[in-house]
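Chemist: Quick one: structure below, then a few questions.
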Amino acid sequence: MTSISGDHVKVHYRMDVDEEGWPPASVESLWAVDLGDGSVRLDNTPWFVRGVASGDIIRVESDEEGVRWAGETVRASEHCTIRLIVLKDGGSAAARQTVLKAFHRLGITGEGIEQFRMVALDVPPDADLPRIRKLLEHGEGEGWWHWEEGCVTAAWRSTATA
(Lines give C-alpha, C1' and ligand atoms only; values in the text may rest on other atoms or scores of the structure.)
Protein backbone atom coordinates (compact mmCIF):
# COMPACT_ATOMS: atom_id res chain seq x y z
CA MET A 1 0.00 0.00 0.00
CA THR A 2 1.23 3.48 -0.74
CA SER A 3 1.27 6.12 1.96
CA ILE A 4 -2.16 7.52 2.78
CA SER A 5 -2.76 11.04 1.52
CA GLY A 6 -5.67 13.45 1.26
CA ASP A 7 -7.19 11.76 -1.78
CA HIS A 8 -7.59 8.45 0.08
CA VAL A 9 -10.99 7.37 1.28
CA LYS A 10 -12.42 4.31 2.97
CA VAL A 11 -14.61 2.04 0.88
CA HIS A 12 -16.84 -0.41 2.74
CA TYR A 13 -17.70 -3.93 1.64
CA ARG A 14 -20.58 -5.93 3.06
CA MET A 15 -19.71 -9.57 3.69
CA ASP A 16 -21.74 -12.64 4.54
CA VAL A 17 -20.62 -14.29 7.77
CA ASP A 18 -20.91 -18.08 7.69
CA GLU A 19 -22.30 -20.36 10.41
CA GLU A 20 -18.81 -20.66 11.92
CA GLY A 21 -18.51 -16.87 12.27
CA TRP A 22 -16.12 -16.36 9.36
CA PRO A 23 -15.20 -13.81 8.30
CA PRO A 24 -15.13 -12.23 11.75
CA ALA A 25 -16.94 -9.07 10.59
CA SER A 26 -19.86 -8.27 8.29
CA VAL A 27 -18.11 -5.19 6.86
CA GLU A 28 -14.52 -4.65 5.75
CA SER A 29 -13.18 -1.18 4.97
CA LEU A 30 -10.41 -0.75 2.41
CA TRP A 31 -8.32 2.30 1.57
CA ALA A 32 -8.81 3.61 -1.93
CA VAL A 33 -7.97 6.63 -4.06
CA ASP A 34 -11.04 8.67 -5.02
CA LEU A 35 -11.00 9.07 -8.80
CA GLY A 36 -13.64 11.81 -8.67
CA ASP A 37 -16.10 10.12 -11.02
CA GLY A 38 -18.01 7.86 -8.62
CA SER A 39 -15.23 5.29 -8.66
CA VAL A 40 -12.13 4.52 -6.62
CA ARG A 41 -8.89 2.59 -7.07
CA LEU A 42 -8.29 0.16 -4.21
CA ASP A 43 -5.02 0.90 -2.47
CA ASN A 44 -4.63 -1.91 -0.01
CA THR A 45 -5.00 -5.66 0.13
CA PRO A 46 -8.26 -7.06 1.50
CA TRP A 47 -8.15 -9.30 4.55
CA PHE A 48 -11.53 -10.92 4.00
CA VAL A 49 -13.35 -9.52 0.95
CA ARG A 50 -13.28 -11.96 -1.94
CA GLY A 51 -12.99 -11.13 -5.60
CA VAL A 52 -11.09 -7.83 -5.37
CA ALA A 53 -7.43 -6.90 -5.28
CA SER A 54 -5.27 -3.83 -4.85
CA GLY A 55 -5.48 -1.58 -7.90
CA ASP A 56 -8.98 -2.62 -8.93
CA ILE A 57 -11.28 0.23 -10.01
CA ILE A 58 -14.56 -0.01 -8.10
CA ARG A 59 -17.82 1.93 -8.53
CA VAL A 60 -18.99 3.34 -5.19
CA GLU A 61 -22.19 4.82 -3.85
CA SER A 62 -22.40 7.00 -0.76
CA ASP A 63 -25.22 6.55 1.73
CA GLU A 64 -27.01 9.36 3.58
CA GLU A 65 -24.17 9.49 6.13
CA GLY A 66 -21.50 9.81 3.44
CA VAL A 67 -20.21 6.25 3.86
CA ARG A 68 -18.89 4.90 0.55
CA TRP A 69 -20.14 1.42 -0.26
CA ALA A 70 -18.47 -0.73 -2.88
CA GLY A 71 -20.37 -1.67 -5.99
CA GLU A 72 -19.25 -3.41 -9.14
CA THR A 73 -15.67 -3.74 -10.30
CA VAL A 74 -15.21 -1.39 -13.26
CA ARG A 75 -11.72 -2.61 -14.14
CA ALA A 76 -9.67 -5.39 -12.57
CA SER A 77 -6.02 -4.59 -11.92
CA GLU A 78 -4.85 -8.14 -12.67
CA HIS A 79 -3.30 -8.27 -9.18
CA CYS A 80 -4.01 -11.34 -7.06
CA THR A 81 -4.91 -11.44 -3.38
CA ILE A 82 -3.54 -14.44 -1.49
CA ARG A 83 -4.13 -14.93 2.23
CA LEU A 84 -2.21 -17.12 4.65
CA ILE A 85 -2.90 -18.30 8.17
CA VAL A 86 0.60 -18.59 9.63
CA LEU A 87 1.02 -21.79 11.66
CA LYS A 88 4.77 -21.75 12.31
CA ASP A 89 5.59 -20.57 15.84
CA GLY A 90 1.87 -20.08 16.52
CA GLY A 91 1.66 -17.30 13.93
CA SER A 92 3.91 -15.05 16.02
CA ALA A 93 4.89 -11.57 14.86
CA ALA A 94 8.34 -12.92 13.97
CA ALA A 95 6.83 -15.78 11.96
CA ARG A 96 4.52 -13.41 10.07
CA GLN A 97 7.48 -11.10 9.35
CA THR A 98 9.52 -14.03 8.05
CA VAL A 99 6.67 -14.95 5.70
CA LEU A 100 6.42 -11.36 4.44
CA LYS A 101 10.19 -11.22 3.83
CA ALA A 102 10.14 -14.51 1.90
CA PHE A 103 7.45 -13.23 -0.44
CA HIS A 104 8.94 -9.73 -0.63
CA ARG A 105 12.01 -11.31 -2.26
CA LEU A 106 9.63 -12.41 -5.04
CA GLY A 107 8.33 -8.86 -5.58
CA ILE A 108 5.20 -9.23 -3.48
CA THR A 109 3.98 -6.80 -0.86
CA GLY A 110 1.81 -7.74 2.06
CA GLU A 111 0.75 -7.12 5.58
CA GLY A 112 0.29 -9.19 8.72
CA ILE A 113 -2.43 -9.04 11.35
CA GLU A 114 -1.84 -10.50 14.80
CA GLN A 115 -5.43 -11.21 15.79
CA PHE A 116 -5.93 -13.89 13.16
CA ARG A 117 -2.26 -14.90 12.59
CA MET A 118 -2.82 -13.82 9.00
CA VAL A 119 -0.76 -12.41 6.18
CA ALA A 120 -2.46 -10.86 3.14
CA LEU A 121 -0.35 -10.76 -0.01
CA ASP A 122 -0.70 -8.47 -3.03
CA VAL A 123 0.68 -10.29 -6.07
CA PRO A 124 1.29 -7.95 -9.03
CA PRO A 125 0.63 -9.22 -12.56
CA ASP A 126 4.32 -9.17 -13.52
CA ALA A 127 5.39 -11.41 -10.61
CA ASP A 128 6.82 -14.89 -11.16
CA LEU A 129 3.50 -16.67 -10.55
CA PRO A 130 4.76 -20.28 -10.85
CA ARG A 131 7.54 -19.57 -8.35
CA ILE A 132 5.08 -17.93 -5.93
CA ARG A 133 2.69 -20.87 -6.17
CA LYS A 134 5.59 -23.27 -5.59
CA LEU A 135 6.55 -21.39 -2.40
CA LEU A 136 2.93 -21.34 -1.20
CA GLU A 137 2.55 -25.08 -1.76
CA HIS A 138 5.94 -25.84 -0.21
CA GLY A 139 5.14 -23.82 2.92
CA GLU A 140 1.77 -25.51 3.28
CA GLY A 141 3.39 -28.92 2.83
CA GLU A 142 5.90 -28.06 5.57
CA GLY A 143 3.09 -27.00 7.92
CA TRP A 144 4.20 -23.36 7.98
CA TRP A 145 0.83 -21.98 6.82
CA HIS A 146 -2.52 -22.60 5.19
CA TRP A 147 -3.31 -20.38 2.23
CA GLU A 148 -6.29 -19.38 0.12
CA GLU A 149 -7.00 -17.43 -3.02
CA GLY A 150 -8.94 -14.25 -2.26
CA CYS A 151 -8.85 -12.93 -5.83
CA VAL A 152 -6.98 -14.55 -8.69
CA THR A 153 -6.51 -14.11 -12.40
CA ALA A 154 -6.52 -16.49 -15.34
CA ALA A 155 -2.70 -16.26 -15.36
CA TRP A 156 -2.63 -17.39 -11.73
CA ARG A 157 -5.10 -20.23 -12.35
CA SER A 158 -2.90 -21.47 -15.21
CA THR A 159 -0.08 -22.16 -12.71
CA ALA A 160 -2.13 -24.82 -10.88
CA THR A 161 -0.85 -28.34 -11.35
CA ALA A 162 -3.33 -30.89 -12.59
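Chemist: Hey, what's the range 78-121 come to in accessible area per residue, 1.4 Å probe, Å²?
Modeler: Normalised by residue count, the accessible surface of the range 78-121 is 49 Å².
Chemist: Further question: Just subtract the alpha-carbon distance of V27 and R105 from 0.36 nm times their residue separation and send over the number in nm, one decimal.
Modeler: Details: separation 78, 0.36 × 78 = 28.08 nm, distance 3.21 nm.
Full extension from V27 to R105 adds 24.9 nm.
Chemist: Follow-up. Would you kindly find the accessible area of D128, with a 1.4 Å probe and non-protein molecules such as ligands, DNA and RNA excluded, rounding to the nearest 10 Å²?
Modeler: The accessible area comes out at roughly 70 Å².
Chemist: Can you give me the distance in nm between label points at R157 and E19, each placed 7 Å from the Cα along the Cα-to-Cβ direction?
Modeler: With each label placed 7 Å out from Cα toward Cβ, I get 2.8 nm.
Chemist: Which whole-number percentage describes the relative contact order of the range 32-132, with Cα contacts under 8 Å and a sequence gap of 6 or more?
Modeler: 22 percent
Chemist: How much net charge surrounds W31 when only the other residues with a Cβ under 14 Å from the Cβ of W31 are counted, with Lys and Arg +1 and Asp and Glu -1?
Modeler: Residues near W31 contribute -4 overall.
Chemist: Which angle from 0 to 90°, rounded to the nearest 10, does the C-alpha axis of helix 129-141 make with the longest principal axis of the chain?
Modeler: Long axis of 129-141 versus the principal axis of the chain: about 60 degrees.
Chemist: Using a 1.4 angstrom probe on the protein heavy atoms only, line up V99, V152 by accessible area, largest first.
Modeler: From most accessible down to least: V152, V99.
Chemist: Run a plain Debye calculation on the range 29-154 (Cα atoms as equal point scatterers, no solvent) and give log10 I(q)/I(0) at q = 0.12, 0.15 Å⁻¹, rounded to two decimals, same order as the q list.
Modeler: The Cα Debye sum returns log10 ratios of -0.47, -0.69.
Chemist: At a 1.4 Å probe radius, carbon and sulfur cover how many percent of the accessible area of the chain?
Modeler: 48 percent
Chemist: At 1.4 Å probe size, with every protein chain present, just tell me what the per residue accessible area of the range 29-71 comes to in Å².
Modeler: In whole numbers, the range 29-71 has 44 Å² accessible per residue.
Chemist: Then there is this: Given that compact globular proteins tend to follow 2.2 N^0.38 Å, what is the ratio of the alpha-carbon Rg of the range 1-91 to that value?
Modeler: That ratio works out to 1.16.
Chemist: Moving on to the next point. Apply the Karplus parameterisation 6.51 cos²θ - 1.76 cosθ + 1.60, with θ equal to phi minus 60°, to every residue of the range 47-54 and state each ³J(HN,Hα) to the nearest whole Hz, in sequence, with x for glycine and proline.
Modeler: These are the phi-based 3J(HN,Hα) values: 7, 10, 4, 9, x, 9, 9, 3 Hz.
Chemist: Helix 93-104 versus the longest principal axis of the chain: what angle, 0 to 90°, nearest 10, using Cα atoms?
Modeler: Around 90 degrees separate the two axes.
Chemist: Just by accessible area at a 1.4 angstrom probe, what is the order of E78, E72 from largest to smallest? Working shown, then result.
Modeler: Numbers: E78 95, E72 120 Å².
Of E78, E72, the descending order of accessible area is E72, E78.
Chemist: In straight Cα distance, which lysines are under 22 Å from K134, not counting same-chain residues fewer than 8 positions off?
Modeler: The qualifying lysines are K88, K101.
The values are calculated or read from the model by the stated rules, or taken from the named source; none is laboratory data. Just so we're clear, the structure is a prediction, and the values are computed from it rather than from any experiment. Positions of Cβ are backbone-derived with ideal geometry, glycine not excepted, and every protein chain shown enters the neighbour counts. We work out accessible area using only protein heavy atoms, side chains counted, and drop any ligands, DNA or RNA first. Shrake-Rupley method; radii C 1.70, N 1.55, O 1.52, S 1.80 Å.
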